[in-house]
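A short write-up of the structure that comes next.
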Amino acid sequence: MAPITRPILSVIVRRFRKDFADGIEDAIKSIQLAVTEQPGFVGLQNSISLKQNDCELVTVITFDTQENYDKWINSPVRQAFVEELDQLSYDNATNTHFGDLTLLAQPSASVRKGEIVVVLIFWILLLSHFLHYPLDYLFPDSQGKFWRSALQTSVVVTLISYVLLPFSSALLIRLKARFVTKDQGNRE
């Protein structure tokens, strides 16, 4: 059984002069597009608060594992954005990350019942087709069809339940989250 991984949630706070607000918004759009290409990216939320003399940017970013988060932190793409934001910022960024806030970091995308049905049908058809050949070898026509059918059903249900459906669902959620984030970045 694979080890359970917990998403990593990072909260970054930066303060800027109020007249830099437009430049910050442009930088945020670029960052949103770049981060969606990073492995393990789950979600990103930005909030700009305008105050009397300055503005505050709060960024909440989530990755699926600490390893993928560290890759993003050390990536040249991120370093370029940090340098750009540092030029606009008038104090140091506050960066705090949390490793076990699973309930707070739910992905914005989910799998619907209809999508699960389509995935199940796909795996049932595919596995039934490919299991046909080894089962022909193990159970020739002269032996009972009951045992062949029972074994095929057991293998298909076990593989789908414990391996293929969880993998397919996680992949589908990741793809949907990536496209939702890209669409939000394009609309703004």
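Which ones in segment 40-74 are under 24 Å from residue 175 (Cβ atoms), outside any helix (DSSP H, G or I) and touching a helix residue (DSSP H, G or I) at 6+ places or on another chain (Cβ under 9 Å)? Within segment 40-74, 40, 41, 42, 43, 44, 46, 59, 61, 62, 63, 64 meet the criteria. Of everything in segment 46-69 that is within 21 Å of the chain's Cα centre (by Cα), of a type outside the set (Val, Ile, Thr) and surrounded by 14 or more Cβ atoms within 10 Å (Cβ to Cβ), the residue that is nearest to residue 28 (Cα to Cα) is 46. Only one of the numbered conditions (1) under 13 Å from residue 15 (Cα atoms); (2) out of contact with any helix residue (DSSP H, G or I) (no Cβ under 9 Å at 6 or more places or on another chain); (3) hydroxyl-bearing (Ser, Thr, Tyr) is not met by residue 89, and that is (2). Would you confirm whether any residue within segment 15-37 is under 15 Å from residue 88 (Cα atoms), touching a Cys at 6+ places or on another chain (Cβ under 9 Å), surrounded by 15 or more Cβ atoms within 10 Å (Cβ to Cβ) and among the charged types (D, E, K, R)? Yes, some residue in segment 15-37 is under 15 Å from residue 88 (Cα atoms), touching a Cys at 6+ places or on another chain (Cβ under 9 Å), surrounded by 15 or more Cβ atoms within 10 Å (Cβ to Cβ) and among the charged types (D, E, K, R). There is no residue in segment 112-132 that is modelled with pLDDT of 80 or more, closer than 23 Å to residue 32 by Cβ, in a helix (DSSP H, G or I) and open to solvent by less than 100 Å² (accessible area, probe 1.4 Å).
The values are calculated or read from the model by the stated rules, or taken from the named source; none is laboratory data. Since this is a predicted model, take the numbers as computed values, not measurements. In this analysis, Cβ positions are derived from the backbone assuming ideal geometry, glycine residues included, and neighbour counts consider all displayed protein chains. We work out accessible area using only protein heavy atoms, side chains counted, and drop any ligands, DNA or RNA first. Shrake-Rupley method; radii C 1.70, N 1.55, O 1.52, S 1.80 Å.
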